[in-house]
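Everything below concerns the one structure shown next.
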Amino acid sequence: MAQLLITGGAGFIGSHTALVLLEAGHSLVVLDNFQNSSPESLRRVQELAGPEAAAKLRVVEGDIRSAADLEEALGSSTDAVVHFAGLKAVGESVAKPLAYWDVNVCGSRQLLAAMQRAGCRTLVFSSSATLYGIPDVVPIPESAPVQPINPYGHSKAAVERMLSDLAASEPGWRIACLRYFNPVGAHPSGRLGEDPNGIPNNLFPFVSQVAVGRRNRLSVFGGDWPTPDGSGVRDYIHVMDLAEGHRAAVDVLLAEDPQLLTLNLGSGQGHSVLEVVAAFEAASGQAVPYEVVARRPGDAATTVADPSLAAELLRWRTQRGLSQMCRDGWAWQSANPQGYAS
Ligand code: NAD
Ligand code: UFG
């Protein structure tokens, strides 16, 4: 079993992954500044993991841009880092690009330098399908051009570039860049889930908040896309499948020779906005009123992963479909209508 540092481990994907890694027997340090999360998520991770595994989780409140915080979190015996910490809102990145270059790019650079000093050269990095921009080919293979169309996407592409330069500069690096498609859903217990600040930018949390009565209606961004029902199509991935993908990536990196992997994590299945609305209504028993409005600038009609490389190299594939994503998302939203502040 390994000693792992999880940056951003209190966040949506990090908290679910922390639970899966604890359940697999690993020891974790979570480094998070809680700027987009709450320590309550980690308390619940410990509760779900049980007392024995919970004792293997240490929390360091700190910033990935601080060498001192990184040194405290890494210590001298970290086997691998899973790096979630970052900013992720596309619209905010257009308004505040320097914040995105600072946290996502400079923060990652600080982390890599601290790993070099600590002698740890194994890293799983949260990349994003956003770096494919408006894709030319769907399903999207990893060989598709990297052509981001917003500062958030540029920051992810820059970190991938930095990682490949680093891996080429000295032997021994084991790196997986995982390009997530659309992570949604929650732990089936309803104890962990996604807790966005303010008005959600993303479809799934918006739909759940309409179902629970926090918002009146969903705006469907475009009804005239070249898709079967005219609404946008995405590759939604259950956050527990995503968490298990990280466990597989850690295992593969630690077991195999040094390598740099770049992998899509998605299901390979596309679902439209209207399909998501219908599935959420069925899972929750609640109406989700919506109106079709203009397209959102920067959206693609369809983005769906080609997930075959991850299946081959990680021996991992998604297990949970749209109805389970909605059922588990509703278990979380209905039990925690105001998120962790409920
Ligand atoms: P999140 O905001 O819930 O989690 C990010 C965590 O990082 C939060 O707990 C936040 O407090 C922490 N953090 C932010 N800045 C920090 C800093 N400077 N120092 C220390 N901690 C800091 O986001 P998430 O959805 O869990 O996403 C995790 C990662 O996955 C991000 O890098 C994101 O870009 C990437 N990603 C997310 C999605 C998605 O749709 N959720 C899709 C693709 C990629
Ligand atoms: N949508 C609506 N109404 C909303 C929100 C979204 O109709 O209120 C539609 C969008 O137009 C799109 C689909 O729902 O067709 C999904 O939109 P999201 O905002 O949930 O997700 P995106 O695919 O646009 O982007 C998300 C993240 C990106 C990430 C990308 C791939 O926001 O950061 O998934 O991982 F890069």
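The values are calculated or read from the model by the stated rules, or taken from the named source; none is laboratory data. The structure presented is a predicted model; accordingly, all values stated were derived computationally and were not measured. Cβ: placed from backbone, ideal geometry, glycine included. Neighbour counts: every protein chain shown. Just so you know, the surface numbers come from the protein's heavy atoms only, side chains and all, with ligands and any DNA or RNA stripped out. Shrake-Rupley method; radii C 1.70, N 1.55, O 1.52, S 1.80 Å.
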- Message: Just to check your reading of the model, which residue among L31, L4, L42 is open to solvent by less than 10 Å² (accessible area, probe 1.4 Å), under 12 Å from R247 (Cβ atoms) and either basic (K, R) or in contact (Cβ under 8 Å) with a residue 12 or more places away in the chain (or both)?
- Response: L4
- Task: Being open to solvent by 30 Å² or more (accessible area, probe 1.4 Å) and within 13 Å of ligand 2 (Cβ to nearest atom) is the filter here, so list the residues in region 173-182 that pass it.
- Result: N182
- Note on the structure: Residues of region 88-135 being over 19 Å from N150 (Cα atoms), in contact with a Ser or Thr (Cβ under 7 Å, 6 or more places away or on another chain) and open to solvent by 20 Å² or more (accessible area, probe 1.4 Å), in sequence order, are A118
- Query: Conditions: (1) more than 17 Å from the chain's Cα centre (by Cα); (2) of a type outside the set (S, T, N, Q); (3) more than 9 Å from ligand 1 (Cβ to nearest atom). V105 meets all but one. Number of the miss?
  - Reply: (1)
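Residue-wise test of (1) assigned to a helix (DSSP H, G or I); (2) under 25 Å from R109 (Cβ atoms); (3) touching a Cys at 6+ places or on another chain (Cβ under 8 Å); (4) away from ligand 2 (no atom under 11 Å from the Cβ).
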{"position": "A168", "(1), (2), (3), (4)": "yes, yes, no, yes"}
{"position": "P171", "(1), (2), (3), (4)": "no, yes, no, yes"}
{"position": "A186", "(1), (2), (3), (4)": "no, no, no, yes"}
{"position": "G198", "(1), (2), (3), (4)": "no, no, no, yes"}
{"position": "S208", "(1), (2), (3), (4)": "yes, no, no, yes"}
{"position": "R214", "(1), (2), (3), (4)": "no, no, no, yes"}
{"position": "W225", "(1), (2), (3), (4)": "no, no, no, no"}
{"position": "S231", "(1), (2), (3), (4)": "no, no, no, no"}
- Criterion (aliphatic (A, V, I, L, M), within 23 Å of P196 (Cβ to Cβ) and in contact with a Leu (Cβ under 8 Å, 6 or more places away or on another chain)) met by exactly one of A279, A335: A279
- Message: Out of S128, S164, I need the residue that is more than 16 Å from ligand 2 (Cβ to nearest atom) and under 29 Å from L4 (Cβ atoms). Which one?
- Response: S164
- region 1-102: helices (runs of 4 or more DSSP H) wholly inside it with 3 or more residues that are of a type in the set (S, T, Y) and closer than 19 Å to A118 by Cα are none
- Could we say that A310 is within 20 Å of L131 (Cα to Cα), in contact (Cβ under 8 Å) with a residue 60 or more places away in the chain and either among the small types (G, A, S) or touching a helix residue (DSSP H, G or I) at 6+ places or on another chain (Cβ under 8 Å) (or both) here? yes
- Item | Residue count, region 50-91 (criterion: near ligand 1 (Cβ under 9 Å from one of its atoms) and either without any contact (Cβ under 8 Å) to a residue 12 or more places away in the chain or of a type in the set (A, V, I, L, M, F, W, C) (or both)) | 5
